[in-house]
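The values are calculated or read from the model by the stated rules, or taken from the named source; none is laboratory data. Here the structure is a predicted model, which means the values were calculated and not measured. For neighbour counting, all protein chains shown are included, and Cβ atoms are generated from backbone atoms with ideal geometry for every residue, glycine included. For the accessible areas, the whole protein counts, side chains as well, though only heavy atoms, and no ligand, DNA or RNA atoms are used. Shrake-Rupley method; radii C 1.70, N 1.55, O 1.52, S 1.80 Å.
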Amino acid sequence: MIKAKIPAIRKTPVLQVSGLSVQFETPLGRVHAADSVSFELFENETLAMVGETGCGKSVVASAIMQLLPQNAAVNGDIEFEERNLLDLGEKEMAKVRGAEIAIIFQNPSLSLNPVITIGDQIAEMLQVHGKAAGRSKSIEKAAGVLRRLGLGESGLLKMYPFQFSGGMNQRIMIASALMLSPKIIIADEPTKGLDSATAAGTVREMEKMKDLSSASLLLITHDPALVEKIADRVAVMYCGEILEIGPCREVFQKPLHPYTKALLGCLPERGLHPISGASPSMTDPPQGCKFHPRCPKRNAKCSQSPFMKQIETIDSGTASGERWVKCWLY
Amino acid sequence: MPLAAKKAARYAVAFFLIISLNFAIPRAMPGDPLTNLLGEDVDAAGSTIVELREKMGLDQPLHLQYLCYWRNILCLDLGYSYHLHSPVSSAILSRIRWTLLLSVPSLILGAAIGTFFGALAGWKRREAVGKLETALVLTVFCTPPYFLSLLALYVLSFYLGLFPLKGFYSSGSWLDIAHHFMLPVLVMTLFSASRNYMIMRGSVIQEKASLYAAYARAKGLYGNQILFRHIFKNALLPIITLLALDFGFILSGALFIEIVFSMNGMGNLIYDALLSRDYPVLQGSFLIITVMVIAANLLADLLYSRVDPRVRWQ
Amino acid sequence: MFDLIGALSASSKIGLALFLLFLLMAVFAEAVAPYDPWLRFSPFMPPGFAHLLGTNDLGNDILSELIFGSRVSLIVGFGAAIMATVIGTVVGLLAGYFRGLTDELLMGLTDVFLMIPQIPLIIVLAAFLRPSFWMTALLMGCLWWTSTARVVRSRALQVREMSYVESAASLGFSRAHIIFTDVLPNVLHVIMPKFLLAIASALIAEASISFLGLGDLTMKSWGMMINFAFTRGGFINGYWWWYLPPGLCVTLFVLSVILMGSNLEDREEVVQVAQ
């Protein structure tokens, strides 16, 4: 990735991912789940990573938290608090997880332990990271956070996850994420598989969460409505690469990359135009630009890999206004 | 039918079936039912035989015999042993406390040790030491309990002279009884622990793959914290009922251990009865043992419904 | 077939190797054993060159007894396992295919049978019947069908839902036909491990009741050898070669079957072992 010349007033990012590559060894071959992914996450902003299923966005999130399975080979640099997270051992990483960077999994009902009360599960964050002043105190704190999320009824803390709906369990996970005021919260597909009413509720929860915390939010999703509502910037991923990144409104109104244009064209409100061609194989991806076999604007140069190029800067030069795209057209 | 009623029905059927089975066996087996009922040690002349037949109710139609039998059972009358010259129930009662004294501590210890180390083994699957440990435990698991006892007795008592060779006590003091009990309890604990170990290990390995374990790690839990705060309880719950079923097998093992160690419990009572074909004692013992096992299962079932919140708050 | 073997885990391979060893020993006993086990030599001989495992109180060569003893164990083991598997499969198929009341009744029966302590029952019955080893195998088979029934039932429930079963039904095939041609073949692969486990259980049970003297007196099974050692003073006098080899054989044979047959990481399976 060619970095632009850093302007004097550029903020330092909370998280800087450079050249992140993740490969899995599977019986079917080597899967390139992520390929030279680079992006920055700034303070108090919400960055959404969008893309089709299997484009690698969840893999990036897991890589940041070092939660990938054993057969994953990870390369690259993830700078957080002046440390490369990928260099940390399990014990060190465990201190970071939950306290500095928190994650909210996709399936709240299955992610919570069915035989432990929710009060104990939320309070556990304090106890595990050594910030507890005793069990009752930590449960009180948990109750406080839940109350602010709208779950203030008494007796709730003694109940079990299976007694709650998926939406409520998601709020419980959000509460856990907020407990230690982490610098970054990663939300992995919060509206996946939900009907529109529940999804709308989740959007509200996300908004509330942002109100309650000053953390940066890394939002992994394929739901454009969610992105529009709460994201500041968006990164479009395809086949393990980021193809375009920039402020939300600009990308949606004036998409630069042909893939972004095609992706937006799939939406119901824009006409439900499917993208021609088939999804590429993850074990044997196309040479050069991964999208070019399906691109209506392809030319001979596209069989070589393009690199990220800064196109324009909006909002008077602050870093979060930059627009980058990875395409030979520019 | 609600679940509780179904379960109650099952236990009721089990009790009923086993008691009826006990009635049916001596009458269904080859040979003279009188001998089958009284044992082969009975030496009686012609007229006494007729009396005995009447007493046993063998001249009555079958269904009346059955009702009589039930009445006896409910009065805790399990028949009379001519071999031992005592009612079967008192013979069993006097012996059963020793069997329980051997079994219960071993069961509890075995369960505690087995589940703890089994959980650790399941958690740390890949290390070489862990695999060796599992291989050793598996070998113990496959060894018939009486053979294990023979080995232990030979090495530790005979060869090394650490423990007494037989019986319950030489002098009758508490310390002495404890000394005599130590080796059998050790063997039985090993036996019980090996089973619990293998079961718990399997359970933990299955739970390790769950999403809540992954989430616990994502929350910042590290190593054994994940095991003991989250996985242990989840891994233990479904096997409580399985462990209760295992109780029957462990109790059977206890009988053999008693025989090898020449202890005066149910094991030797049964062995002796076998040698002299004292059928009433054999049947009575079988009945009592089975009733105990079924009762243990019932208890475990009740315990489980209290402990698992998903069942408690149906 | 060789890549099937290669695909097995290391522990399964060890189990298979041990199992084949015992199998060969049993089948080719006449060729492998140095002497006829019933021949008498000088008694009470400790292990030596002529008799690698010594002789017992009657002068029989122990190594030969051991080798021939594997036959009994195998016959009883296989016999019981086949019985148990057949009964279990039938019960499971019926319960899984017909569901409803049949299912409830059969599963209830299974639960009840599971609770009955098996070895004590065998002891009682064996005391009355003075069985031959065929009878023992039969008895055991009648008790161990439960775990097979359970897995067959769950598999049958799954298979039943599959479309080719439904289409067969709608085409008018009789239920019996469907059960045997469509459901049964798919159930076979879950039966195999249970079959092996039943062999293991039968081995331990046979050894146990032979130890009590209830075994078939015409055949010298491993359990009977240990029984002789115990009752004829072999133990008290420290003649370890009387009981150590047969005991080890039982353990190793059971170990081999378990390693081969079960996935030790599945908690349900582990519990069904040696029940």
Completion exercise
Honestly segment C:79-229 on the Cα gyration tensor test (a ≥ b ≥ c root eigenvalues; a/c under 1.5 rounded, otherwise a/b vs b/c for prolate or oblate) is just prolate
Practice task
Would you mind working out the magnitude of the charge dipole of segment C:1-158 relative to its Cα centre, with +1 at each Lys and Arg C-beta and -1 at each Asp and Glu C-beta, to the nearest 20 Debye?
Solution key: 360 debye
Handout entry: Cα pair distances exceeding 25 angstrom across chain B, given as percent
Key = 61 percent
Practice task
Can you tell me the 0 to 90 degree angle between the C-alpha axis of helix C:240-261 and the longest principal axis of chain C, rounded to 10?
Solution key: 20 degrees
Practice task
Find the Rg to Rh ratio for chain A, where Rh is the Kirkwood radius over alpha-carbon pairs and Rg uses the same atoms.
Solution key: 0.98
Problem - Ellipsoid equivalent to chain C - semi-axes via the Cα gyration tensor, in Å - result: 41, 21, 14
Handout entry: Threshold 20 Å² - residues in segment A:89-112 whose accessible area is reduced by that much or more when the chain is no longer isolated, probe 1.4 Å
Key = A:Glu90, A:Lys91, A:Ala94, A:Arg97, A:Ile103, A:Phe105, A:Leu110, A:Ser111
Fill in the blank from the handout: Gyration tensor on Cα atoms of segment A:1-117, a ≥ b ≥ c root eigenvalues, a/c under 1.5 rounded, else prolate if a/b beats b/c, else oblate, says oblate
Completion exercise
Percent antiparallel among DSSP beta bridges confined to chain A, nearest 5, equals 60 percent
Problem - Top of C:Val254, C:Val152, C:Val124 by mean-square fluctuation, Gaussian network on chain C, Cα under 10 Å - result: C:Val124
Handout entry: Computed [θ] at 222 nm, deg cm²/dmol, chain A (DSSP H ≥ 4; -39,500 (n - 2.57); rounded to nearest 500)
Key = -8500 deg cm²/dmol
Fill in the blank from the handout: With a Förster distance of 35 angstrom and the Cβ-Cβ distance between B:Val129 and A:Glu25, calculated FRET efficiency to the nearest 0.05 equals 0.85
Exercise for the section: Working from the alpha-carbon coordinates of segment B:3-88, get Rg over Rh, Rh being the Kirkwood radius. Expected result: 1.06
Fill in the blank from the handout: When B and A pair up, the total accessible heavy-atom area removed from solvent (1.4 Å probe), in Å² to nearest 100, is 2400 Å²
Practice task
Pop out a list of residues from segment B:275-293 that are at least 30 Å² less accessible with all the protein chains around than in their chain alone; 1.4 Å probe, no ligands or nucleic acids counted.
Solution key: B:Arg277, B:Tyr279, B:Leu282, B:Phe286
Problem - Average other protein chain Cβ within 10 Å of Cβ, residues A:170-179 - result: 1
Practice task
Determine the total buried accessible area between chain C and chain B, counting protein heavy atoms only with a 1.4 Å probe; round to the nearest 100 Å².
Solution key: 5300 Å²
Handout entry: Å² per residue, accessible surface of the protein assembly as shown at 1.4 Å
Key = 44 Å²
Fill in the blank from the handout: With all protein chains present, the protein assembly as shown has a carbon and sulfur share of its accessible area (1.4 Å probe) in percent of 63 percent
Problem - Helical contribution to [θ] at 222 nm, DSSP H n ≥ 4, -39,500 (n - 2.57), averaged over chain C, rounded to 500 - result: -23000 deg cm²/dmol
Completion exercise
About its Cα centre, the protein assembly as shown carries a charge dipole, from +1 on Lys and Arg Cβ atoms and -1 on Asp and Glu Cβ atoms, whose size in debye to the nearest 20 is 2220 debye
Fill in the blank from the handout: Among residues of segment A:45-71, a drop of 30 Å² or more in 1.4 Å probe accessible area, assembly relative to the chain on its own, occurs for A:Leu67
Handout entry: Dipole axis of segment A:202-244 (+1 Lys, Arg; -1 Asp, Glu on Cβ), positive-most option in A:Pro224, A:Met209, A:Gly240
Key = A:Met209
Problem - Computed accessible area, A:Val115, all protein chains, 1.4 angstrom probe, square angstrom - result: 0 Å²
Fill in the blank from the handout: Once both label points are put 7 Å beyond Cα along the C-beta direction, the B:Leu67-C:Ser9 separation in nm becomes 5.9 nm
Practice task
Report the semi-axes of the equivalent ellipsoid for the protein assembly as shown in whole Å, largest first, where each axis is √(5λ) for an eigenvalue λ of the Cα gyration tensor.
Solution key: 67, 30, 28
Handout entry: B:Tyr271, B:Tyr82, B:Tyr279, reordered so the largest accessible area comes first (probe 1.4 Å)
Key = B:Tyr82, B:Tyr271, B:Tyr279
Problem - Cβ neighbours within 10 Å from other chains - mean over B:248-255 - result: 5
Completion exercise
Under the helix-only model (-39500 (n - 2.57) for each DSSP H run of 4 or more, divided by the residues of chain B), the mean residue ellipticity at 222 nm, to 500 deg cm²/dmol, is -24500 deg cm²/dmol
Exercise for the section: Report the far tail of the P(r) of segment A:170-260, meaning the percent of Cα-Cα pairs longer than 17 Å. Expected result: 51 percent
Handout entry: Under 10 Å, Cβ to Cβ, from A:Val17 - net charge with Lys/Arg +1 and Asp/Glu -1
Key = -3
Fill in the blank from the handout: Measuring from the longest principal axis of the C-alpha atoms of chain A, the long axis of helix A:196-212 (C-alpha) lies at a number of degrees, nearest 10, equal to 80 degrees
Handout entry: Counting DSSP beta bridges with both ends in the protein assembly as shown, the antiparallel % (nearest 5)
Key = 65 percent
Exercise for the section: May I ask you to rank A:His32, A:His292, B:His63 by accessible area, largest first, using a 1.4 Å probe over the protein chains only? Expected result: B:His63, A:His32, A:His292
Problem - Check: segment A:136-236 dipole with +1 on Lys, Arg Cβ and -1 on Asp, Glu Cβ, in debye - result: 420 debye
Exercise for the section: Springs between alpha-carbon atoms under 10 Å, Gaussian network over chain C: tell me which of C:Phe49, C:Phe41, C:Phe19 tops the mean-square fluctuations. Expected result: C:Phe49
Problem - Furthest towards positive pole of dipole, B:Leu150, B:Leu3, B:Pro33, structure part the protein assembly as shown, Cβ charges - result: B:Leu3
Handout entry: Between helix A:166-178 and chain A: long-axis angle, C-alpha atoms, 0 to 90°, nearest 10
Key = 90 degrees
Exercise for the section: Rank C:Leu109, C:Pro185, C:Leu16 by how far each Cα sits towards the positive end of the charge dipole of chain C (+1 on Lys, Arg Cβ; -1 on Asp, Glu Cβ) and give me just the farthest. Expected result: C:Leu109
